[in-house]
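S.K.: My questions all concern the structure below.
The values are calculated or read from the model by the stated rules, or taken from the named source; none is laboratory data. Since this is a predicted model, take the numbers as computed values, not measurements. Counting neighbours? That spans all protein chains shown, and the Cβs are built from the backbone with ideal geometry, glycine included. Surface accessibility is based on the protein's heavy atoms, side chains included, excluding ligands, DNA and RNA. Shrake-Rupley method; radii C 1.70, N 1.55, O 1.52, S 1.80 Å.
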Amino acid sequence: MNEKIDLKKTLKDLYLASAKEPAVVEVPTLRYLMVDGEGDPNTAPAYAEAVEALFSVSYTAKFMVKKGPQAIDYGVMPLEGLWWSDDLSAFRTGAKDRWKWTAMVLQPDFVSDELIAEAIDEVRKKKKLPGVDRLRLDRLTEGRCAQILHVGPFSEEGPTIERLHDFITGRSALRGKHHEIYLSDIRRAEPAKWKTIVRQPMA
């Protein structure tokens, strides 16, 4: 029998958020598969390629662990994104072509760097995805953050982000990069029901 692990429950403080009020969370150093890029995520081929590569490798690693000596079954974690711009007005004006991003998927501690490298090689050989060669495995340290759940389309996040920023500036100051965690499968769920955790590091 495979041991089953639900990382969203293990890390519930980080992957469960309220839409009513922002909450302060302490985020430990976590390890992610990442792809960096820039441009409008709705139209830039690089973004779609990044997402495809991230999930192809993450699922390949999952099945390698499940069938291997560890025999651990776990759910692949959701897509996450860091967002920023050299010109902050690009966010206020919606100039998405000037956005910069890191698309990423959290990897469990029990999945070794070596196994991830094997999974990348396997996907590279079998699928020849253009995004695979841009993948990197890295650690992210965010520390003290505030987060809130946004329910609805990404285009309507503005007021939610404003609430989060007001919450932070009323206590300290913003720092680091805007972070989003996409809990819904946007291919299947209605936009009105999309759930996104919006996180912002704070001083």
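S.K.: Condition test on D185, is it open to solvent by 40 Å² or more (accessible area, probe 1.4 Å) and either touching a Leu at 6+ places or on another chain (Cβ under 7 Å) or part of a loop (DSSP other than H, G, I, E, B) (or both)?
M.R.: yes
S.K.: Which members of the range 57-76 meet the condition of being touching a Leu at 6+ places or on another chain (Cβ under 8 Å), crowded, with 17+ Cβ neighbours inside 10 Å and either closer than 22 Å to K12 by Cβ or charged (D, E, K, R) (or both)?
M.R.: Passing the criteria: S58, V65, Y74.
S.K.: Further, regarding this structure: Give L7, L79, L54, L11 a once-over and let me know the one that is closer than 17 Å to S184 by Cα and surrounded by fewer than 20 Cβ atoms within 10 Å (Cβ to Cβ).
M.R.: L7
S.K.: Restricting attention to the range 18-41, does a residue exist that is basic (K, R), closer than 19 Å to K195 by Cβ and surrounded by fewer than 17 Cβ atoms within 10 Å (Cβ to Cβ)?
M.R.: There is at least one residue in the range 18-41 that is basic (K, R), closer than 19 Å to K195 by Cβ and surrounded by fewer than 17 Cβ atoms within 10 Å (Cβ to Cβ).
S.K.: Given the condition at pLDDT 85 or above, part of a helix (DSSP H, G or I) and of a type outside the set (D, E, K, R), answer yes or no: does some residue in the range 83-91 qualify?
M.R.: no
S.K.: Filter the range 137-168 for residues that are in a helix (DSSP H, G or I), more than 22 Å from P28 (Cα to Cα) and not acidic (D, E) and give the result.
M.R.: Passing the criteria: F154, S155, G158, P159, T160, I161, R163.
S.K.: Give me a count of the residues in the range 15-39 that are touching an Asp or Glu at 6+ places or on another chain (Cβ under 9 Å) and within 29 Å of G131 (Cβ to Cβ).
M.R.: Total meeting the criteria: 12.
S.K.: Could you please give the count of residues in the range 42-51 that are more than 27 Å from G75 (Cβ to Cβ) and open to solvent by less than 30 Å² (accessible area, probe 1.4 Å)?
M.R.: Qualifying residue count for the region: 1.
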